[in-house]
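Below is one structure, written out as structure tokens; comments come after it.
The values are calculated or read from the model by the stated rules, or taken from the named source; none is laboratory data. It should be emphasised that the depicted structure is a prediction, and the values quoted were computed from it without experimental measurement. So basically every Cβ, Gly included, is an ideal-geometry build from the backbone, and we count neighbours across all protein chains shown.
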Amino acid sequence: MFFIFKMQGNNYWCIKYKKAINVSKEDAMTEKENHLKELRSRAMRLPLSPGVYIMHDKSDKIIYIGKAKALKNRVSQYFGSQKNHDNKVRKMVSNVEYFEYILTDSEFEALVLECSLIKQHTPKYNILLKDDKGYHYIKITKGPWPKISEAKQILDDGATYIGPYISSWATKQSIDEALKIFKLPSCSRNFPQDIGKRRPCLNYYIKQCCAPCSGKIRQKEYDEYVEQAIEFLRGGSAKCVRELTEKMNDAAESLEFEKAAKIRDCLNAIKRMGDRQKVVAVRYPVQDIIALAQGDMISCFEVFRFMDGRLSDRETFLMGETGNSKAARTEFIERYYSMRERIPPRICIDGSAEDLGLLKEWLSKKAGKKIVVSFPQKGEQAKLVEMCRNNAAEQVAQATGRTVREASALDELARLLGMDKPPVYIESYDISNLNGSENVAGMVVYKNGRPLKSAYRKFKIKSFSGQDDYASMQEVIERRFKEYFIAKGKNITDGFGRLPDLILLDGGKGQVGAVLPILKSLELSVPLFGMVKDDKHRTRAIAANGGEIAINSSRKAFTLISSIQDEVHRFAIGYHHDRRKKATISSTLTSIEGIGSARAKALLRYFQTINSIRNADLNELINVPGMTKPAAEKVFNYFHSNCEKS
């Protein structure tokens, strides 16, 4: 074990701690636990001062860089109990070999240094954004019947290039608008080679293409459309409208009414495009909207950038696990605006963020003006944030195979319950009995918003007889999580070996209050809520510890909760009915002389149904394990004598 002390200037002290580890495979787990204890012991001796901490792996590579207001408090949390950490943090901690730290004079100074070090070292477990903001161009092909398209670079092909433009999205949007307004082809057909060879495509019939392939338009007229489209792209819609209006009036005065009508149609198309853009026109002319959607192992940040009250650009960042959503938002904003020159005066985010005051100070200093960071929850701004979040959810849905509705419902549920991120793995429980008889429970699992039937489980209440739903639920939860610890000891990570992100009980505050002490005694911090029904057995609210949360206004979350509650109720009731049916059948068999419960079970196991037993011959009954010839004869005579009597 050794220490390295470094000094940087008058303000920064860097202290490195390292320990070489060489253990056998069988002692790896014990050595790992001891290593975490040593790291925590070292962290507990850190000062309560602001600074930056740097985590290294065995190869000395930096894997994470973070800032802290009090280094001792922040760093020691990593090496304490791992139960309260998300998967991303647990993975990072498992790879930490040693850490170093740099003291700063203030928390703001720590933030600035953190940004600089992350940009320099790009650690694996920090949020890293790939800046794909290359240059983009508008390309107009050379020769007769030119076509307009988007290009990423200028080629020596004789074509005309307009640009460069920074935003790929804005470039594509502008080209798409121009092609639709002036009815120019966007297909891969070549002109004049393909003229008259094939029928026009759908765009012609919906009046979005002049269809040069059909031969119904002259080249001169086509070239005029291309020139107008280029003017539109170069000068924007306002300048284009003025010029087209003048041309329309000149054509009308010259009695060229057909030409004037075509120009009028172009002007109307430009107006329709403008009206469509007004859907996202905003109160604040310059602002950014940032939203996060999280899935199982995949997350997405979506950025909408507004200029002049209109959506001018959008950016999508798909990444792996981001962990705690509050910390992730702060880290993303730091990384994003470290890459961007323009910081708008207003930034709207879809949830709370860590160290928000510090973040505003950093943004304001970088921009040279006051920057407002807000979390709108109603009105026009909230609708824009929701639109941005839905787009992020769409990206996650595409990457994970979920639907947008499922991704949005989980995201909405997380916000409703105050969770840091959407619950990917949900377990739900319900009790079923009839006046205390055949007391059973059912557990259903929803993964990524869908039922995972392979993980469903059934429980028969064993610790008592009679009707006590609270005690029944306590027994079930305790048995389930004791199985978790057994599976964990065997390194099993699926089934009972996986901790749920959320537990939903069919019941109100009483059920929640009965089960919470069980989780606490097992030192588990899994979010736990109840599902409350109304008099008509329909989902009404979510029961929390000490109150209820109304869910009627959250439509997507309400639909998801209702489906989970209906499914767990169906599953538990189904198991209860099966138990009662088997009990009834078993009592029928045990009423036969010489047939006890063991032989009744053996007969049911062998034949499955009473009808099969009734239709079996004597030799088949004798072959059942545990049966004797006299016992088989009594079963045979019982059913056949009953048949004769009936």
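Got at least one residue in the range 439-449 being at pLDDT below 90 and more than 33 Å from the chain's Cα centre (by Cα)? Yes. Restricting the search to strands (runs of 3 or more DSSP E) fully inside the range 280-375 and requiring at least 1 residues that are among the acidic types (Asp, Glu) and either in contact (Cβ under 8 Å) with a residue 24 or more places away in the chain or touching a helix residue (DSSP H, G or I) at 6+ places or on another chain (Cβ under 6 Å) (or both) gives 287-294, 299-307, 310-319. The conditions of being aromatic (Phe, Trp, Tyr) and more than 28 Å from the chain's Cα centre (by Cα) are not met by PHE79.
In the set ALA541, ALA572, ALA583, which member is modelled with pLDDT of 85 or more and of a type in the set (A, V, I, L, M)? When all the criteria are applied, what remains is ALA572.
If you go through the range 480-529 and pick out every residue that is of a type in the set (Lys, Arg) and under 23 Å from the mean Cα position of the chain (by Cα), you end up with 1.
This table checks each residue for (1) part of a helix (DSSP H, G or I); (2) buried (at least 17 other Cβ atoms within 10 Å of the Cβ); (3) not aliphatic (A, V, I, L, M).
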site: GLU33; (1), (2), (3): yes, no, yes
site: LEU39; (1), (2), (3): yes, yes, no
site: LEU46; (1), (2), (3): no, yes, no
site: SER49; (1), (2), (3): no, yes, yes
site: ILE54; (1), (2), (3): no, yes, no
site: TYR64; (1), (2), (3): no, yes, yes
site: LYS67; (1), (2), (3): no, yes, yes
site: ASN73; (1), (2), (3): yes, no, yes
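Highlighted here are the strands (runs of 3 or more DSSP E) found entirely within the range 469-559 that include at least 3 residues which are farther than 18 Å from LYS458 by Cα: 528-533, 539-544, 547-550.
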